[in-house]
Structures are given as C-alpha cells and as structure tokens.
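**Student:** Just passing along the structure, written as structure tokens.
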C-alpha cells in the first residue's frame with residue numbers, strides 16, 4: 001500500500017487519530033510519519049506511553065473479571081484494553097487497583113513527589129486540610145509498605161505542623 005500523504009513510498013506506519021470521537025486511520029511512509037511527529041523506531045519520548053498501553057492489555061487480561069463493567073459508563077475491561085483510555089471519571093476509581101499496578105510498573109511509584117509550597121509561601125493555603133491529606137497518604141504508603149514515601153510524607157507533615165504552631 002502506498003503512503004496516503006505523499007503517494008510515492010510504501011506505507012509502513014498506521015497512524016490512528018481520534019478527534020471529536022471520530023477515528024481516522026492513515027497509512028504513512030517513514031518520511032511522512034516523521035513529519036507528523038511519529039517516532040518510527042519507537043525509541044523517542046512516546047515509547048513509555050506505548051509501553052503503558054501495552055501493559056494495560058497484559059494486566060487486564062490476567063487480573064480482571066470480564067464482567068466487571070464501570071458502574072457509571074459501562075466500560076468493560078475489554079473496551080479499555082482496546083481503546084487504551086477510560087470512559088468517565090468513575091473509571092478511575094473502578095479500575096483503580098489495576099491502574100495503580102500499571103503506574104507503579106511504569107513510573108516506579110504511584111505518588112507524585114514534586115515541589116511543595118515553602119512555609120513562607122503558604123498564605124491562603126489551608127495547612128490543616130493539607131496535613132489531613134498528607135496523613136491519609138501516609139497511611140496508604142505504610143499499608144503499601146512504601147516506607148521511603150512514608151518517611152517523606154512524615155517529614156512534610158512535621159514541617160507543616162511546625163509552621164502551624166508558630
């Protein structure tokens with residue numbers, strides 16, 4: 001099959017795009033695919049996403065009961081495996097354990113460890129709610145035996161409580 005973009009070279013890439021719930025499939029040669037931002041060898045920044053979506057298929061085939069539909073949108077594990085995306089906000093909680101396992105394999109953890117506001121920048125920041133949220137995260141980390149994350153959370157709680165007392 002010839003490339004649908006240039007019409008000259010042999011198509012080696014099948015590019016599927018979805019816009020406004022409309023699926024469009026293009027067959028492209030390597031040159032046209034790279035013009036569309038597609039890494040031909042899969043070694044670029046898109047490779048982790050491809051690996052992640054492949055893991056959805058493996059994980060869901062082994063661990064999920066075929067009849068476990070999302071109670072809100074009715075998405076089945078087979079549909080999730082095929083589409084590679086969730087159907088609604090409820091899917092995140094319904095398929096939580098399976099997504100958590102995939103994220104752990106892909107990123108090495110399931111908790112975001114990023115920048116936090118410093119003690120001086122917390123004006124208007126509800127420290128009490130933040131401490132409660134951190135305590136819940138700490139309990140989850142201990143339950144999952146992620147003691148490094150638990151130690152980080154403990155230290156964050158102590159910093160916030162120290163600022164609160166002064």
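The values are calculated or read from the model by the stated rules, or taken from the named source; none is laboratory data. All values reported here derive from a predicted model rather than from experimental measurement. FYI the Cβ positions are ideal-geometry reconstructions off the backbone, even for glycines, and counts take in every protein chain you see.
**Student:** Mind listing just one residue for me: the one in region 127-138 that is surrounded by fewer than 15 Cβ atoms within 10 Å (Cβ to Cβ) and within 22 Å of the chain's Cα centre (by Cα) and, of those, nearest to residue 163 (Cα to Cα)?
**Tutor:** 133
**Student:** Something else about it: May I ask you to verify whether residue 132 is more than 27 Å from residue 17 (Cα to Cα) and modelled with pLDDT of 85 or more?
**Tutor:** yes
**Student:** Also, quick follow-up: If only one of 49, 102, 80 is modelled with pLDDT under 80, closer than 28 Å to residue 149 by Cβ, outside any loop (DSSP other than H, G, I, E, B) and touching a helix residue (DSSP H, G or I) at 6+ places or on another chain (Cβ under 6 Å), which one is it?
**Tutor:** Step by step, each of 49, 102, 80 is checked, and only 102 is modelled with pLDDT under 80, closer than 28 Å to residue 149 by Cβ, outside any loop (DSSP other than H, G, I, E, B) and touching a helix residue (DSSP H, G or I) at 6+ places or on another chain (Cβ under 6 Å).
**Student:** So, one more: Taking region 1-37 only, how many residues are under 17 Å from residue 85 (Cβ atoms) and in a loop (DSSP other than H, G, I, E, B)?
**Tutor:** The total comes to 2.
**Student:** For region 86-99: of the residues being surrounded by fewer than 14 Cβ atoms within 10 Å (Cβ to Cβ) and assigned to a helix (DSSP H, G or I), which is modelled with the lowest pLDDT?
**Tutor:** Per the criteria, the residue is 97.
**Student:** Please work out if residue 3 is modelled with pLDDT of 80 or more, farther than 26 Å from residue 141 by Cα, touching a helix residue (DSSP H, G or I) at 6+ places or on another chain (Cβ under 7 Å) and not assigned by TED's automatic domain parsing to the domain that holds residue 146.
**Tutor:** Yes; evaluated as a whole, the condition is true for this residue.
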